[in-house]
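What follows is calculated from the coordinates using simple rules that are stated; it is not laboratory data. All of these numbers come straight from a predicted model, not from anything done at the bench. Glycine gets a Cβ as well: all are built from the backbone with ideal geometry, and neighbour counts include every protein chain shown.
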Amino acid sequence: MPPRSKSRSRSKSRGSSPAKKTLTKNSARSTKTKTTKTKKVGLGSGSANYTIILPVYNERENLPIMIHLFSEYLDLKDYHVIIVEDNSPDGTREVAKLLQDSYGPDFITILERAGKLGLGSAYLSALHLVKSPYVILMDADLSHHPKFIPKFVQKMEETGCNIVTGTRYRDGGGVAGWDTRRKVMSKGANFLADFLLSPGVSDLTGSFRLYETPVLREIFPKIVSKGYVFQMEVMVRIVDAGYKVEEVGISFVDRIYGESKLGAGEIIGYLKGLLNLFLTT
Ligand SMILES: Nc1nc2c(ncn2[C@@H]2O[C@H](COP(=O)(O)OP(=O)(O)OP(=O)(O)O)[C@@H](O)[C@H]2O)c(=O)[nH]1
Ligand SMILES: [Mg+2]
């Protein structure tokens with residue numbers, strides 16, 4: 001990734017070569033959510049290096065394919081998956097339990113929540129359970145292919161960065177299956193955010209990322225936005241805090257099964273969140 005040449009003068013920590021931060025703060029205590037009736041099923045593996053947090057809502061068809069792809073592309077000894085299931089009406093929880101029976105609780109933990117509590121809180125609840133030094137966040141709708149995970153890991157090892165983010169807009173990345181409206185919305189959202197905030201990351205709204213766990217634990221409690229703008233705020237605050245971000249091109253494929261949750265409300269929320277970040281960071 002090129003250096004952040006477009007740093008805003010208002011930025012407190014953005015310099016020409018931000019030093020890699022020493023990660024001493026572990027703010028897990030302050031990431032508590034108000035979720036009630038949450039049940040953890042599975043032991044979690046204490047030996048895995050990487051935990052994949054997989055939020056699912058109505059992903060009955062996609063979830064088994066995702067887990068199968070993990071087994072195809074990853075060395076499972078090194079990975080643990082936390083499925084955050086929000087009582088989907090389509091029976092995703094039963095499918096998750098069958099997968100856990102088949103792959104074992106050392107590979108799959110299921111975080112059972114009482115209802116649809118949103119993506120941000122799904123990540124937060126799961127983060128409490130993470131024991132590994134690295135966390136991967138990704139969607140379970142097959143838009144994010146597990147084959148890119150080893151590339152993320154390699155990039156982090158090679159560069160010593162704190163975060164690797166998948167990008168659809170650089171390094172051979174792309175999008176398949178979106179109509180013009182969706183492409184324009186995504187490009188527009190990224191362009192506007194880059195113009196106003198200049199974080200130097202090409203895909204701000206993407207959510208396929210590898211993090212050092214302490215970085216995520218430090219940043220997450222500071223996030224105020226919900227919905228589409230959430231991923232952007234995470235990245236902007238990470239860059240603002242001086243952490244080193246690298247990018248890997250990914251091909252993003254639109255979901256085949258299930259329904260998109262992106263509507264007009266999300267677009268308005270995005271613009272409000274963008275303005276808030278512009279004024280506060
Ligand atoms: N546990 C949980 N998972 C959620 C919730 N909302 C969305 N998800 C999951 O989060 C991931 C991303 O959600 P998507 O609906 O694909 O949203 P998107 O990727 O922004 O948009 P589309 O792909 O166009 O639908 C998927 O794996 C969803 O199943 C939620 O409230 N709770
Ligand atoms: Mg999706």
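Data for the structure
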{"read-out": "Beta bridges by DSSP in segment 147-281, antiparallel share as percent, to the nearest 5", "value": "25"}
{"read-out": "Segment 33-142: C-alpha gyration tensor shape, a/c 1.5 cut-off, then a/b vs b/c", "value": "oblate"}
{"read-out": "Estimated vicinal HN-Hα couplings, Hz - segment 165-175 in sequence order (Karplus 6.51, -1.76, 1.60; Gly, Pro = x)", "value": "10, x, 10, 8, 10, 7, 6, x, x, x, 10"}
{"read-out": "Karplus-derived HN-Hα couplings along segment 74-89 (A = 6.51, B = -1.76, C = 1.60, θ = phi - 60°), whole Hz, x at Gly and Pro", "value": "10, 7, 4, 4, 8, 10, 10, 10, 10, 8, 9, 10, 9, 6, 4, x"}
{"read-out": "Neighbour-count ranking [beta-carbon atoms within 10 angstrom, fewest first] of Glu112, Glu59", "value": "Glu112, Glu59"}
{"read-out": "Using a Förster distance of 30 Å, the FRET efficiency for Arg182-Lys77 (Cβ separation, nearest 0.05)", "value": "0.20"}
{"read-out": "Bins of 5 Å, starting at 0 and running to the largest distance - Cα pair percent for segment 108-180", "value": "3, 10, 19, 21, 19, 14, 10, 3, 0"}
{"read-out": "Segment Glu61-Ala114, extension gain: residue separation times 0.36 nm, minus the distance between their alpha carbons", "value": "17.0 nm"}
{"read-out": "12 Å cut-off, amide nitrogen to a point 7 angstrom out along Glu158 Cα→Cβ, residues in segment 196-232", "value": "none"}
{"read-out": "Least to most buried among Leu204, Leu279, Leu99 (fewest other Cβ within 10 Å first)", "value": "Leu279, Leu99, Leu204"}
{"read-out": "Ser251, Ser143, Ser102 arranged by Cβ crowding within 10 Å, fewest neighbours leading", "value": "Ser102, Ser251, Ser143"}
